[in-house]
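To start, the structure under review is shown below, and the notes come after it.
The values are calculated or read from the model by the stated rules, or taken from the named source; none is laboratory data. Bear in mind the structure is a predicted one, so any value in this text is a computation, not a measurement. With ideal geometry, Cβ positions are generated from the backbone for all residues, glycine too; neighbour counts draw on all protein chains shown. SASA here: full protein model, heavy atoms, side chains in, ligands and nucleic acids out. Shrake-Rupley method; radii C 1.70, N 1.55, O 1.52, S 1.80 Å.
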Amino acid sequence: GKCINITIRAVDPRDVIDVIPLTWQVRQLLGMGLYRRAESLLGRIEFRMPDTFGVDLLRAQLARRQGHTDEAIESFTDLYLRSQSSTTALQLAGLYASASIWNEAEDWYGEALRLQPASPEAMGGLVRAMYAQGKLALAEEAADRFLLIYPDHAELQLTRAEMMLHDDQPWNAINDAQAALERMPHSPWAHAVTGQVLWELGESEEAIERLQDALQLNPYNASVRVALSGCLLEVGRSAEAVRILAPLARLMPDNKDIQARYAEARAALTLERQSESFPQTSDLSRGG
């Protein structure tokens, strides 16, 4: 028994007992968003415990948090090859999804589901990945199947609501969207989907409120900014549309769609101000 122990353990716990609290500190720093301090501390741990699974996992999590997607994918793939787990598969699926590489995301969500058949996160992700690739019938079939298992699972409800919206059926989407929003009141995704459904149902004021809430919860979501600005322009609130789009236009000078929307909002605001300054011109033109 002793010789087996010696061959398995590359690291003697007695040599690294003082390092264990440091790994907890790295986790805490990651949770607080203090990535440079986490990286510095992680370097010290790696020096003492090279090629250790738990330490390499922290390195992968740090890369993901810092937005280094390629590095994170490489690290998590290596970890998965060393030890297959649904958690690692879900991390990889999420990374590919965030990069809009949906075919890879679908494969990894499927892998996570194979390893943990009752994972609602894997179910929801799989449906979203199918849907994003245009496999609409498959996605709807999977969503219905998964919702039989988890009828109240908010992520699955939101995914189904998005699909109904895509099929121009907002009246079928509203119950799922609002039920998900009740369960996930702090989710920008839930607010955004509910807002878009309400807009299609003609509830413009409430729709705009939901989209504003979504943006407040996640100010970096470009698609919500664009959707909200479009709604504001349609109801004649052009000054607000300009304010919502301005930071995005500055951040993305080469994005033609965003620049065109920003130009449209500014033009609408200019016209609005002109008509406020010269209200009599429209009366004169009517009088001939």
Quick check on the stretch 157-269: take the gyration tensor over C-alpha atoms, sort the square-rooted eigenvalues as a ≥ b ≥ c, and tell me if it's rounded (a/c under 1.5), prolate or oblate. prolate
Please say if the chain is rounded, prolate or oblate, where rounded means a/c under 1.5 for a ≥ b ≥ c the square roots of the C-alpha gyration tensor eigenvalues, and otherwise the choice is prolate for a/b larger than b/c and oblate otherwise? prolate
Please state the charge dipole magnitude for the chain, taken about the Cα centre, from unit charges on C-beta atoms (+1 on K and R, -1 on D and E), reported in debye and rounded to the nearest 20. 1140 debye
Please compute the per residue accessible area over the chain with all protein chains in place, 1.4 Å probe, rounded to a whole number of Å². 58 Å²
Taking only Cα atoms and a 10 Å spring cutoff, compute GNM fluctuations for the chain and point out the largest among Gln274, Gln259, Gln212. Gln274
What does the helix-only formula give at 222 nm for the chain: each DSSP H stretch with n ≥ 4 adding -39500 (n - 2.57), the total divided by the residues, and the result rounded to the nearest 500 deg cm²/dmol? -25000 deg cm²/dmol
So what J values fall out for the stretch 227-233 if you push phi through Karplus, 6.51 cos²θ - 1.76 cosθ + 1.60 with θ = phi - 60°, rounded to Hz, Gly and Pro as x? 4, 5, 4, x, 5, 4, 5
Summarise the accessible area of the chain (1.4 Å probe, protein heavy atoms) by the percent that is carbon and sulfur. 52 percent
